[in-house]
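Okay, structure first, notes after.
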Amino acid sequence: MTLMEPVGARQYQKFLPAEHAVQYLDATGELTESDARYPRPSDDRLAEMYRNMFLGRRFDQQATALTKQGRLAVYPSSRGQDACQIAAAMCLRPTDWMFPTYRDSMALAARGIDQVELLGMLAGEWHCGYDPVRYRTAPQCTPLATQLLHATGLAYGETRKGRDTIALVFCGDGATSEGDFHEALNFAAVFKAPVIFLVQNNGFAISVPIARQSVAPTLAHKGVGYGVGSEQVDGNDPVAMLAVMDEAARFVRAGNGPVIVEAHTYRIDAHTNADDASRYRDDAEVEHWLGRDPLARLEKYLRGKALIDDGVADALTAEAEAAATALRAGMNVDRPTDPMDLFRYVFAEQTPQLREQQAQVEAELAAESEEH
């Protein structure tokens with residue numbers, strides 16, 4: 001089965017994800033096209049992907065460091081899932097919509113969102129930090145799977161308006177166990193909503209391994225029962241990720257209904273900086289996945305084709321360091337806060353209890369001011 005094949009033309013026995021995950025580069029970065037089912041992205045496009053991944057990796061490292069400096073309350077690292085997030089950002093047009101989870105900051109950076117604004121929510125701002133309408137990117141979602149329904153509704157609404165807008169929504173393996181996941185897939189299938197469901201299967205729902213979440217052959221198979229085009233891909237193979245995501249975008253934009261793509265990947269760092277991953281996985285497992293690093297795989301491939309060299313790498317390093325410096329400077333600026341915002345935006349008309357709470361806080365602030 002390929003994404004290009006119209007649903008109505010499929011034989012039932014073909015209406016299944018491929019037996020093996022789509023792969024173009026092996027773990028060492030060598031090209032292998034024995035199982036290639038989608039057009040391979042152009043060299044220029046792969047060079048652009050490498051740049052986005054390189055800059056994204058440095059951003060992720062800097063954001064992780066900011067948690068240790070107290071500038072972020074928490075940060076869920078994307079390291080290891082770089083190819084999934086960059087391919088997702090690159091397959092969209094500026095007019096399309098993206099619906100991220102809390103872990104997809106690298107994709108948001110690649111979408112062009114200001115990095116300081118991007119981290120606003122994790123720094124404690126009451127809003128998401130950036131303008132969702134300007135960037136056509138919904139606020140990062142912390143509850144599992146709720147964003148899937150939002151993406152489906154928007155995609156369907158855009159279709160009703162006669163627009164060719166598509167929506168791409170991220171989720172993890174844990175979200176596929178939520179009711180919202182199944183409701184979104186069913187609605188999208190029935191109404192042929194142009195939405196891509198990208199499942200980043202990184203092996204764990206915080207500490208719960210995939211074996212204790214599902215016994216389906218793959219998570220992509222969960223789309224079969226809903227009549228949704230389905231595929232699985234090596235999420236640490238940047239070439240395969242971009243090839244499949246580009247095809248998925250073409251497929252849903254052509255009016256063929258939704259697609260679910262399962263990317264087999266791995267979260268190298270802990271769930272967040274507040275998590276102790278050593279309690280549920282061992283170092284050997286992490287080392288195995290470090291050997292499948294998506295950035296190193298793509299770099300080896302591009303160097304082998306003389307598409308990047310040390311000069312390009314040095315220029316990218318300088319660009320990434322300049323962006324990290326700007327991010328540190330932006331995050332070191334204290335943001336003005338007004339405690340009364342806690343009460344202004346809860347109800348259109350305040351309840352008696354809320355007015356009482358506001359008065360209590362105002363009195364405490366006044367007393368503190370008098371002491372100083």
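We did not get these values from a lab; they are worked out from the coordinates using the rules stated. Note that the coordinates shown come from a computational prediction; the quantities given were computed from them, not determined experimentally. Cβ atoms come from the backbone with ideal geometry, glycine included; neighbour counts cover every protein chain shown.
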Exercise for the section: Please return the longest stretch of the chain lacking exposed loop sites, where GluC sites (Glu not before Pro) count only if DSSP places them in a loop and at most 15 other Cβ atoms lie within 10 Å. Expected result: 126-348
Practice task
With all distinct Cα pairs included, what does the Kirkwood hydrodynamic radius of the chain come out to in Å, to one decimal, could you say?
Solution key: 21.8 Å
Exercise for the section: Just report the Cα centroid separation between the range 62-80 and the range 160-175, whole Å. Expected result: 27 Å
Problem - Global form of the range 52-135, assessed from the alpha-carbon gyration tensor, a/c cut-off 1.5 - result: oblate
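May I ask you to list the trypsin sites (Lys or Arg not before Pro) in the range 210-259 that are in a DSSP loop and have at most 16 other Cβ atoms within 10 Å of their Cβ?
Working: sites: Arg212, Lys222, Arg250, Arg253; in loops: none.
Sites meeting the loop and neighbour criteria: none at all.
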Problem - Among beta bridges that DSSP assigns inside the chain, antiparallel share in %, nearest 5 - result: 10 percent
Practice task
For the chain, compute the number of Lys pairs whose alpha carbons are separated by less than 24 Å, excluding pairs fewer than 8 positions apart on the same chain.
Solution key: 4
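Based on the alpha-carbon gyration tensor of the range 187-343 and its eigenvalue square roots a ≥ b ≥ c, which shape applies: rounded if a/c is under 1.5, prolate if not and a/b is larger than b/c, or oblate? Don't skip to the answer; put the middle values down first.
Details: a/c = 1.39, a/b = 1.20, b/c = 1.16.
Taking the square roots of the gyration eigenvalues as a ≥ b ≥ c, the range 187-343 is rounded.
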Problem - Candidates Asp275, Asp338, Asp164, ranked by Gaussian network fluctuation over the chain, Cα under 10 Å, top entry - result: Asp338
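What is the calculated FRET efficiency for Ala296 to Asp341, with r their C-beta to C-beta distance and R₀ = 35 Å, to the nearest 0.05? Intermediate results must be reported in sequence, preceding the final value.
On the way: r = 45 Å, r/R0 = 1.28.
Given R0 = 35 Å and the Cβ-Cβ separation, E is 0.20.
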Exercise for the section: Report, in whole Å, the centroid distance computed from the Cα atoms of the range 90-152 and the range 301-372. Expected result: 15 Å
Handout entry: Ellipticity estimate at 222 nm from DSSP helix runs (n ≥ 4, -39,500 (n - 2.57)) divided over the chain, nearest 500
Key = -13000 deg cm²/dmol
Problem - Rg/Rg_ref, the range 110-218, where Rg_ref = 2.2 N^0.38 Å and atoms are Cα - result: 1.18
Completion exercise
Across Ala193, Ala284, Ala73, the residue with the highest GNM fluctuation in the chain (Cα network, 10 Å cutoff) is Ala284
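Take every Cα pair under 8 Å in the range 121-189 that's 6+ residues apart, average their separations, divide by the length, and report that relative contact order as a whole percent. Don't skip to the end; give the middle numbers.
Numbers: 50 pairs, mean separation 21.2, N = 69.
Relative contact order here is 31 percent.
Loop-only chymotrypsin sites (Phe, Trp or Tyr not before Pro) in the range 288-371, please: DSSP not H, G, I, E or B, and at most 12 other Cβ atoms within 10 Å.
Details: sites: Trp289, Tyr301, Phe343, Tyr345, Phe347; in loops: Tyr345, Phe347.
Passing both the DSSP loop test and the Cβ count: Tyr345, Phe347.
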Handout entry: P(r), alpha carbons of the range 209-268 - 5 Å bins starting at zero, rounded %
Key = 4, 18, 24, 24, 18, 10, 3, 0
Completion exercise
Going fewest to most other Cβ atoms within 10 Å around each Cβ, Tyr50, Tyr24 line up as Tyr50, Tyr24
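Taking each full run of DSSP H in the chain as one helix, which ones are at least 27 Å long along their axis (Cα atoms) and have mean Kyte-Doolittle hydropathy of at least -0.5?
Values: long enough: 43-68 (38 Å, -0.90); 310-331 (31 Å, 0.42); 352-371 (29 Å, -1.15).
Both cut-offs are met by 310-331.
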Exercise for the section: If a/c stays under 1.5 just call it rounded; otherwise compare a/b with b/c (prolate if a/b is bigger, oblate if not). Do that for the range 111-175, with a ≥ b ≥ c from the square roots of the Cα gyration tensor eigenvalues. Expected result: oblate
Handout entry: Per DSSP, loop trypsin sites (Lys or Arg not before Pro) in the range 88-197 with at most 16 further Cβ within 10 Å
Key = Lys161, Arg163
